[in-house]
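The values are calculated or read from the model by the stated rules, or taken from the named source; none is laboratory data. Keep in mind the model is a prediction, meaning the values are calculated, not measured. For neighbour counting, all protein chains shown are included, and Cβ atoms are generated from backbone atoms with ideal geometry for every residue, glycine included. Note: accessible area is taken over every heavy atom of the protein model, side chains too, but ligands, DNA and RNA are not part of it. Shrake-Rupley method; radii C 1.70, N 1.55, O 1.52, S 1.80 Å.
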Amino acid sequence: VTSSEPLTKDQEAAFVAMIHDRMTEMVYTGRLTSFETGITPKPVRWIPVLKEGKEALRKISIEDGLGFDDWDLDYYLNLYVNDLKRDPSDVELFDFAQSNSEHGRHWFFSGKMVIDGVEKPSSLFRLVKDTLEKNPNANKNSTIAFADNSSAITGAKIKSLVPAYGLDSKVQA
């Protein structure tokens, strides 16, 4: 994209809104000079399940958006109270939430699908995969779909920011 004149702030905002994905991209208004974020990590918190029980797990699930259901709460309560005999950290519980997300449960969606006592010929995951495999144009764009719980598509050619030692053999890391 080129322009014969510098864009006005409104034109720049309109252009960015058109092409920019706020979830995966960041607009830099100047040269990048550091990878410093200015973010200070929060300290690890210990969740008092030994003292407060299931309610402590329910509270952090709501506060941090972990999405634990009653089965999860009972399972983690038993794990920490009876097996590990200690309180969990918020980091451990966040990790469990990520592992149990729908993205991390491909094994679950690959299981037998039984509706009203009748086993269906395909798993739910197989049905999803079929949409990619049956679309003649999809495989031209999807580079690693359903591999290692990830997916990627072919995008536009861009300039990449890489360390100098990756480009010049005279520069040492």
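When you scan the stretch 127-142, do you find a residue that is in a loop (DSSP other than H, G, I, E, B), open to solvent by 40 Å² or more (accessible area, probe 1.4 Å), without any contact (Cβ under 8 Å) to a residue 24 or more places away in the chain and more than 30 Å from Ala156 (Cβ to Cβ), even just one? Give the derivation first.
First, the residues of the stretch 127-142 that are in a loop (DSSP other than H, G, I, E, B): 134-137.
Those left that are additionally open to solvent by 40 Å² or more (accessible area, probe 1.4 Å): 134-137.
Still in the list and also without any contact (Cβ under 8 Å) to a residue 24 or more places away in the chain: 134-137.
Next, from what is left, pick out any that are more than 30 Å from Ala156 (Cβ to Cβ): none.
No: the stretch 127-142 contains no residue that is in a loop (DSSP other than H, G, I, E, B), open to solvent by 40 Å² or more (accessible area, probe 1.4 Å), without any contact (Cβ under 8 Å) to a residue 24 or more places away in the chain and more than 30 Å from Ala156 (Cβ to Cβ).
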Output for the stretch 60-84, where each listed residue is touching a residue at least 12 places away in the same chain (Cβ under 8 Å) and charged (D, E, K, R): Asp64, Asp72, Asp74
Need pairs with beta-carbon distance below 6 Å; first residue part of a loop (DSSP other than H, G, I, E, B) and within the stretch 25-41, second among the β-branched types (Val, Ile, Thr); sequence gap 6+ or separate chains. Val27/Val16
For the structure I just gave you, tell me whether Ile47 is in contact (Cβ under 8 Å) with a residue 40 or more places away in the chain, within 24 Å of Phe94 (Cα to Cα) and not polar (S, T, N, Q). yes
Search result, residues across the stretch 2-36 that are under 32 Å from the mean Cα position of the chain (by Cα) and among the hydroxyl-bearing types (Ser, Thr, Tyr): Thr24, Tyr28, Thr29, Thr33, Ser34
For residues that are among the hydroxyl-bearing types (Ser, Thr, Tyr) and under 23 Å from the mean Cα position of the chain (by Cα), tally how many sit in the stretch 61-91. 3
